[in-house]
Structure formats: C-alpha cells, structure tokens
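The values are calculated or read from the model by the stated rules, or taken from the named source; none is laboratory data. Note that the structure is a prediction, hence the values are computed from the model and not measured. A quick note on method: Cβ atoms are made from the backbone with ideal geometry, for glycine too, and the neighbour counts reach across all protein chains shown. Each accessible area value is taken on the protein alone, full model and side chains, heavy atoms only, with ligands, DNA and RNA left out. Shrake-Rupley method; radii C 1.70, N 1.55, O 1.52, S 1.80 Å.
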Amino acid sequence: MVRGIRGTWCGTLLLAGVLVAGTSGCGPETPAEPGGPPSGTSGPAEPGTTATATAPGTTTAPGTTPAPGTPPAPGTSTADPHPAEVLVEVVVNGGLAGVSNKLVVHYDGSWTSRSGTEEPRTGRQTPAEAARLRAALEDPAYARVPERPTGDPVLDGFQYYVTYRHRLVVAGDGERPAALQRVFAALPGGGPPTNP
C-alpha cells in the first residue's frame, strides 16, 4: 500500500516536472560542480577553457596578446627591424679550392665577409644598394624560390645557403631562378663570396 502511494506520488511529480521542464525528483540528481554550469546544461568543449568572442573593431584587454597567427589590427604595424639586425646571411661552400665563406648583411647595409681563416672584411652598402637588396629579398617571387636545388649539380661547383627571415634556401651552380639571381646581384661585391 505504501509502495502504491509512493509510485503515484513520483508519477505526479514526474508529470509536473515534464510540464515545467524541471527534474522529477524521483532519481538521483547530479550536483553541479562548484563554479560550473548548472545541472542539465552543457559546459565548455574542453576542460579549463572558456569561449570568448571579440566583436570587430574591439581590442584585447591590456596585458594580453592576440592568438598566434592573428593578423595585426588595421592601422597597426609591426616594429621596424633594428639597423644592426641581420638582413641576410649567405654561406658558400665547395668549388675547386674547397672554400667555406660567409657573408652577413645587416639592415643598415653594413656587412662582414669571412673567407676561411683570413681576417674578416667589412664594409657598408650605400642606401640605394641596401634598398635594392631588401627589395630583392622582399619580392614575392623570392618567397617562391625552392628551398633545395632544382638544377643538375655542377662538378666542383659551389653550394649557396641563403638565410632570410629564418627561411633557408639552398642552391647550387646549376639552374637558378631569376628571383635568386636578383638577390645574388644585389649582394655586396656583386655576388656571393666565392673567392678563397
């Protein structure tokens, strides 16, 4: 008899719960986690993450940085490189004499060339020469130069290792793209350092 009254009571509560989209109170209820969403709602997709949205034209809070890969906001620009920063580095290996030379050019046009064990040579490009080299490196065609040699290797030829903005291009004395040739022609001394 008691069991029948309890069943009727739970059935009534269940019907009332369905009508108001609540819980029936007849089964165990999962308590809400402290600080979490109420029972019966879905939380964030991953633990410990919260979803945020930024409306167009808004800025991030002070002390925060945008996610990696996010383009800068309109009207902002990245800082210009320091004049003493390295613009391009060219290493030349090989040839009949077996050279191992290195040329480093900075944004201000100053450069240092090392050949084997000899004392390094230094110099400075004119502003026009430095601008010509930067333009050749910033040319979109140079960004498409293959990172590995495409032509047939030349017997006793040179290998060139050109590093610009953390991108390494390796080329040989075989066929070379025109964009790479323009960079070579704009280097101090008219080309990579190949002299022993």
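Within region 132-153, does at least one residue satisfy the condition of being of a type in the set (Phe, Trp, Tyr), modelled with pLDDT of 95 or more, open to solvent by less than 50 Å² (accessible area, probe 1.4 Å) and under 26 Å from the mean Cα position of the chain (by Cα)? There is at least one residue in region 132-153 that is of a type in the set (Phe, Trp, Tyr), modelled with pLDDT of 95 or more, open to solvent by less than 50 Å² (accessible area, probe 1.4 Å) and under 26 Å from the mean Cα position of the chain (by Cα).
Being free of Cβ contacts under 8 Å to residues at least 12 places away in the same chain and under 26 Å from GLY157 (Cβ atoms): is that true of GLU118 here? Considered against the rule, which asks whether it is free of Cβ contacts under 8 Å to residues at least 12 places away in the same chain and under 26 Å from GLY157 (Cβ atoms), GLU118 comes out as yes.
Within region 154-167, take every residue that is at pLDDT 95 or above and of a type in the set (Val, Ile, Thr) and give me the one that is least open to solvent (accessible area, probe 1.4 Å). Top of the filtered list is VAL162. Please work out which one of (1) at pLDDT below 90; (2) closer than 23 Å to GLU147 by Cα is the condition ALA61 fails and give its number. Failing condition for ALA61: (2). Residues of region 168-184 that are surrounded by fewer than 16 Cβ atoms within 10 Å (Cβ to Cβ) and in contact with a helix residue (DSSP H, G or I) (Cβ under 8 Å, 6 or more places away or on another chain): ALA178 alone. Only one of the numbered conditions (1) part of a loop (DSSP other than H, G, I, E, B); (2) modelled with pLDDT of 95 or more is not met by GLY69, and that is (2). Determine if region 113-123 includes at least one residue that is at negative phi and under 27 Å from the mean Cα position of the chain (by Cα). Scanning region 113-123, I find no residue that is at negative phi and under 27 Å from the mean Cα position of the chain (by Cα), so the answer is no.
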